[in-house]
Amino acid sequence: RAQVDDFVLPRFIAQITGQRTVPLGDALVSTEDSCIGIELCEELFTPQSPHIAMSLAGAEIIVNSSGSHHELRKLQRRVDLIREATMKCGGIYLYANQQGCDGDRLYYDGSAMVLANGTVLAMGRQFSIADVEVTLATADLGAVRAFRAANSSRSIQASHAEVPDYPRVHVAFSLSPEHAQLDYSVRPTAPMQPRFHTPEEEINLGPACWLWDYLRRSRQGGFFLPLSGGIDSCSTALIVHSMCRLVVAACARGDPQVLSDVRRCTGSDIVPQTAQDLAGQILHTCYMGTANSSPDTRARAKQLASALGSYHVDLSMDSVVAAIVSLFTLVCGSTATPRYAVHGGGTAENLALQNIQARLRMLLAYLFAALLPWVRGRTGGGSLLVLGSSNVDECLRGYFTKYDCSSADLNPIGSISKADLRRYVTYACTHMGLPVLSSFLDAMPTAELVPFSKDYVQSDEVEMGMTYDELTEFGRLRKIGRCGPYSMFTQLLHVWVDRKLGPREIADKVKRFFFYYSINRHKMTTITPAYHAETYSPDDNRFDMRQFLYNSSWSWQFAAIDNAVDRIEALGEHQN
């Protein structure tokens, strides 16, 4: 810390710059009219951020070249930290952040900022499909000096010996020309209120920008999305629709790069006028029904596809399912005909018949993704990227079939909770002019993999034994709170006090969650790469490094929970 070394430059650089060495390390840069300090990315979020010592050592401007990725509800924390830094220390803070897809699960959400003495002077867009965005502001160095001089306690701290003695690299130029003091056309930028998107707007824009970056950089011809008629695939389709809106707006502004990417992707000279125009070229949706599918979900999928303008396919795959079952019976004998549980079959039979349908949808998705451009006579643009639609709660619980249509190339909603997705669809219904979405909000979440009747409809929450809201809390406590079964139980005992749940009911829910969490954890090893939006994402490829093989009995922890419940109930009886 606060040290520099002389780095010997390569010969070809030395010939260009005329320098033989360059100072490299932790230092301040002194210009003729100010002093600049530098902190990097996450140092802003640490308890002993470098900007504090640098400011006390005389730095008036702090520069941060950051690579901070998007998470829901994160931007305000970032702004608050910078605002607090300049409010306590005084000074100007220049914050630049990456923007766009990193070729992985992360999206960097820009929001370049200029702040001075605790106020925001300028702030760039959080979400944009533009390759470059410049944020400008004019700040007054005299105001920084006056702000610091007014705080005597700060001056006392700056004089203390424990402040690092930063070496200074002197540069022979000024940040502002001398004549600017007398140029009355130059004026400081007025403070502004930062703009924070709601979580629904963040879901609408962040994954949309990520998808566009991925599509154009992969040089593919569009997307293929299986539509189930439920909230999850509906949300994914809406995100693609949002992407189309952003692209059309950029084309209307005359962005040459975006227009070039659109024409390469579609293999045509199109200049899309509406999001539906573009969706008709790049978004391909498909409803893959069986005898277990309801007319309601089929109708909702068709209506949504029509509203968004996608190229839609509606098919029934009962003949393919029957062929698979017939092959199994042919190989294993006439007595080996599996049946659903509602028809008298056992658990293994029932699960296998459901998984046949689910996994066939993945096969069909990739078949159609490869051949639909050919069917449509698209000579350029490549094949289609298959989109998945499993949410973070289902991934956490393992409530999906391994290698079903959740297995795809990309999943825009894979780290977004069911509750947030419902709020997003509600937002889209009113703000995006799509009244068809109201029918999705009223529908019960169902996989539709078993025969239904007027007396029985497969319900996701009933089958899971827990609600989606409860799953969100389990996920946060497991990943962010670092809770095992017993510590999660003791926390929820206090958190859920208003839910009128007894200790034994809470214990049963926690044990049920950990049982399914552990037996399904292996599914995370093959999960589709998903847009990262939540800190409790269970994706073990990057965000959750816990093992994928657990002892599902959790015998010691579950016994400790049972013992605690017995003690609580005994204490209650004694008090009564």
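The values are calculated or read from the model by the stated rules, or taken from the named source; none is laboratory data. Because the structure is a prediction, the values reported are computed rather than measured. Because the Cβ atoms are built from the backbone with ideal geometry, glycine has one as well, and the counts that use them run over all protein chains shown. The area values use the complete protein model at the heavy-atom level, side chains included, leaving out ligands, DNA and RNA. Shrake-Rupley method; radii C 1.70, N 1.55, O 1.52, S 1.80 Å.
Of all residues in the stretch 22-36, those that are in contact (Cβ under 8 Å) with a residue 12 or more places away in the chain and more than 9 Å from Val169 (Cα to Cα) have Cβ atoms under 8 Å from Cβ atoms of residues that are open to solvent by 60 Å² or more (accessible area, probe 1.4 Å) and in a strand (DSSP E or B), 6 or more apart or on another chain, in Val22/Asp6; Val22/Phe7; Leu24/Asp5; Leu24/Asp6; Leu24/Phe7; Gly25/Asp5; Cys35/Arg168. For first residues located in the stretch 512-533 and over 16 Å from Ser553 (Cα atoms) and of a type in the set (Phe, Trp, Tyr), partners that are modelled with pLDDT of 90 or more and buried (at least 17 other Cβ atoms within 10 Å of the Cβ) and lie 6+ apart or on another chain with Cβ distances below 6 Å form the pairs Tyr531/Pro207; Tyr531/Trp210; Tyr531/Pro412. Just one residue in the set Thr198, Thr189, Thr119 is closer than 30 Å to Arg423 by Cα, touching a residue at least 60 places away in the same chain (Cβ under 8 Å) and among the hydroxyl-bearing types (Ser, Thr, Tyr); that residue is Thr198. Among the residues of the stretch 383-401, the ones that are at pLDDT below 90 and open to solvent by 40 Å² or more (accessible area, probe 1.4 Å) come to 1 in all. Give the residue, chosen from Asn97, Asn117, that is under 24 Å from Ala149 (Cα atoms), among the polar types (S, T, N, Q) and open to solvent by 10 Å² or more (accessible area, probe 1.4 Å). Exactly one of Asn97, Asn117 is under 24 Å from Ala149 (Cα atoms), among the polar types (S, T, N, Q) and open to solvent by 10 Å² or more (accessible area, probe 1.4 Å), namely Asn117.
Residue selection: Gln181 fails the criterion of being modelled with pLDDT of 95 or more and surrounded by fewer than 24 Cβ atoms within 10 Å (Cβ to Cβ). In the stretch 326-344 there is no residue that is closer than 20 Å to Ala443 by Cβ and open to solvent by 10 Å² or more (accessible area, probe 1.4 Å).
Is there a residue being closer than 28 Å to Val186 by Cα, hydroxyl-bearing (Ser, Thr, Tyr) and either touching a helix residue (DSSP H, G or I) at 6+ places or on another chain (Cβ under 7 Å) or open to solvent by 30 Å² or more (accessible area, probe 1.4 Å) (or both) anywhere in the stretch 146-158? For the stretch 146-158, residues closer than 28 Å to Val186 by Cα, hydroxyl-bearing (Ser, Thr, Tyr) and either touching a helix residue (DSSP H, G or I) at 6+ places or on another chain (Cβ under 7 Å) or open to solvent by 30 Å² or more (accessible area, probe 1.4 Å) (or both): absent.
Pull up the stretch 253-274, narrow it to residues that are assigned to a helix (DSSP H, G or I) and open to solvent by 10 Å² or more (accessible area, probe 1.4 Å), then point me to the one that is farthest from Ala370 (Cα to Cα).
Only one residue tops the list, namely Pro256.
In summary, Val240 fulfils each of the numbered conditions (1) within 23 Å of Phe127 (Cβ to Cβ); (2) part of a loop (DSSP other than H, G, I, E, B); (3) of a type in the set (Val, Ile, Thr) with the single exception of condition (2). Specify the residue that is modelled with the lowest pLDDT; the eligible residues are those in the stretch 289-318 that are of a type in the set (A, V, I, L, M, F, W, C) and in a loop (DSSP other than H, G, I, E, B). For the stretch 289-318, the residue satisfying everything is Ala291. Of the residues making up the stretch 505-550, those that are among the aromatic types (Phe, Trp, Tyr) and open to solvent by 20 Å² or more (accessible area, probe 1.4 Å) are Phe515, Tyr516, Phe543, Phe548, Tyr550.
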